[in-house]
């Protein structure tokens with residue numbers, strides 16, 4: 001076996017696939033922790049970032065990598081994994097209107113900023129007095145199906161262990177690790193936000209953020225102009241079935257767990273009510289913790305002193321877009337010693353090692 005992976009979230013699942021694409025074999029340990037971001041994340045791929053609508057970091061490389069990877073896995077698993085879905089972003093104020101006008105003149109943003117919409121895109125449904133725009137290149141990844149496909153593939157080879165990783169059971173020697181009944185040259189930690197508790201990588205400046213989401217239902221269907229469309233009005237509304245939606249998300253840095261709060265529910269509903277006239281009822285609420293690094297870049301590579309240990313972490317809220325590009329680099333590095341992009345190399349934090 002060539003690698004043992006701790007965690008079957010988005011990072012672990014895609015790393016397992018990327019290693020296999022390089023001709024390597026692996027096994028995964030995962031305890032299905034309910035607070036992980038991958039368990040509750042909507043899987044939205046959005047090529048634009050934040051309030052200023054800049055193209056996401058390295059989107060020109062990451063978006064093609066994501067599409068190619070998800071289409072290949074769809075063919076392998078025989079289930080749909082990725083749906084192309086436009087995002088209609090409502091321009092809520094003068095600042096957003098001015099920002100949108102600037103992005104229309106930005107050659108790098110133009111492929112993603114999409115089509116301007118005048119006010120009244122969906123009368124009686126959207127409150128859009130400043131208009132909106134329909135972003136291109138967006139979609140939704142079904143993360144649960146991806147995880148299930150990787151798990152089934154490895155379980156059929158006795159290479160999937162349902163258990164919490166126990167550091168006391170890890171045996172290390174230079175160039176080798178042993179855990180459970182497995183031995184490999186490297187063990188890769190893909191633990192999400194719990195990576196900050198990992199004694200080997202505690203020098204990394206983790207900055208996890210909790211996010212709450214709602215599941216909503218409505219008796220009023222969306223009009224044809226918005227069918228299978230993600231709506232963004234400060235919070236997002238994602239259609240997931242007939243008159244059923246997911247909505248979110250909040251950000252919090254204090255209480256990192258999977259408990260939902262009345263404050264989170266109120267924040268999401270108030271944001272939606274400001275731009276949507278559809279009545280919703282809440283049928284579910286959940287929360288997860290996003291794994292993030294302080295500089296908002298992933299961290300991948302080997303431990304500076306224990307090269308038999310490696311990490312793949314820090315995807316934040318952009319995992320569905322970023323992870324295929326990042327895990328392909330890590331797999332190439334582990335298999336062929338191909339250097340990874342310096343911006344995501346874990347060695348950028350070597351001077352913080354104890």
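Bear in mind these aren't lab numbers, they're just calculated from the coordinates by the rules spelled out. Just so we're clear, the structure is a prediction, and the values are computed from it rather than from any experiment. Glycine gets a Cβ as well: all are built from the backbone with ideal geometry, and neighbour counts include every protein chain shown.
Structure summary
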quantity	calculated
Linear extension gain, residue 337 paired with residue 178, 0.36 nm per residue minus alpha-carbon span	55.1 nm
Shape category assigned to region 7-79 from the gyration tensor of Cα positions, a/c cut at 1.5	oblate
Using alpha-carbon coordinates, inclination of helix 94-104 to the longest axis of the chain, degrees	70
Modelled FRET efficiency - R0 30 Å, residue 79 with residue 258, Cβ distances, 0.05 increments	0.70
Residue 71 versus residue 168: modelled label distance in nm, points set 7 Å from Cα along the beta carbon direction	5.0
Full-extension gain in nm, residue 93 to residue 251, via 0.36 nm per residue minus C-alpha separation	54.7 nm
Degrees separating the helix 59-77 axis from the principal Cα axis of the chain, which is the longest one	70
Matching label, semi-axes √(5λ) of the Cα gyration tensor in Å computed from the structure shown, candidates [x] 37, 21, 19; [y] 34, 21, 19; [z] 33, 26, 16	[x]
With Cα atoms, 0 to 90° folded angle of helix 262-273 axis to the chain main axis	40
